[in-house]
Amino acid sequence: MVNYSEVSGYPLVQQWSLRSVLYHVKLNQWVLSQAFSSAIHSLDGATQRSDYVSILREFGNHYVQEAVYGFQESCTIWYPNKQVQRQLWLEYQDISKGRTSPGSAMVIMEY
């Protein structure tokens, strides 16, 4: 276990997340198919369990009322000390400018 130092401020954890919503679709009203409506209306108090199971297998037990299509990503970077943080920042600057230095360390990120 690593102890946090109030003097140095390390270890330091940096967390970020990114979310992009491309489409957000929501149903305004329900529209039931004729087949589903007929199947539901055929049920009564004397209906057997197997008939309910048959309807559930054919139509399912959930419906989509709202859907969000997009992208979500998060990242956590753990810096044990200032030297590591500085080195990773320099490598990031090199990478963002399209340069890579020989023998550079690889950053491992958890998703």
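Can you find a residue in the range 24-37 that is hydrophobic (A, V, I, L, M, F, W, C), touching a residue at least 40 places away in the same chain (Cβ under 8 Å) and within 30 Å of E73 (Cβ to Cβ)?
Of the range 24-37, the ones hydrophobic (A, V, I, L, M, F, W, C) are 25, 27, 30-32, 35-36.
Restricting the remaining residues to those that are touching a residue at least 40 places away in the same chain (Cβ under 8 Å) gives 25.
Those left that are additionally within 30 Å of E73 (Cβ to Cβ): 25.
Checking the range 24-37: at least one residue is hydrophobic (A, V, I, L, M, F, W, C), touching a residue at least 40 places away in the same chain (Cβ under 8 Å) and within 30 Å of E73 (Cβ to Cβ).
Taking Q72, is it over 30 Å from L22 (Cα atoms), at pLDDT 90 or above and not acidic (D, E)? Show your work before the answer.
Working: over 30 Å from L22 (Cα atoms): no; at pLDDT 90 or above: yes; not acidic (D, E): yes.
The answer is no for Q72.
Pairs under 9 Å by beta carbon, first residue not assigned by TED's automatic domain parsing to the domain that holds P11 in the range 84-101, partner of a type in the set (K, R) and modelled with pLDDT of 85 or more, six or more apart or different chains?
Short answer, once both residue conditions are applied: none.
Taking the range 41-83 as the search range and keeping residues that are farther than 30 Å from S8 by Cβ and among the small types (G, A, S), which one is surrounded by the most Cβ atoms within 10 Å (Cβ to Cβ)?
Restricting to residues being farther than 30 Å from S8 by Cβ and among the small types (G, A, S), the top hit is S54.
The values are calculated or read from the model by the stated rules, or taken from the named source; none is laboratory data. Please read these numbers as outputs of a predicted model, since none were measured by experiment. Don't worry about glycine lacking a Cβ; one is built from the backbone with ideal geometry, like all the others, and counts go over all protein chains shown.
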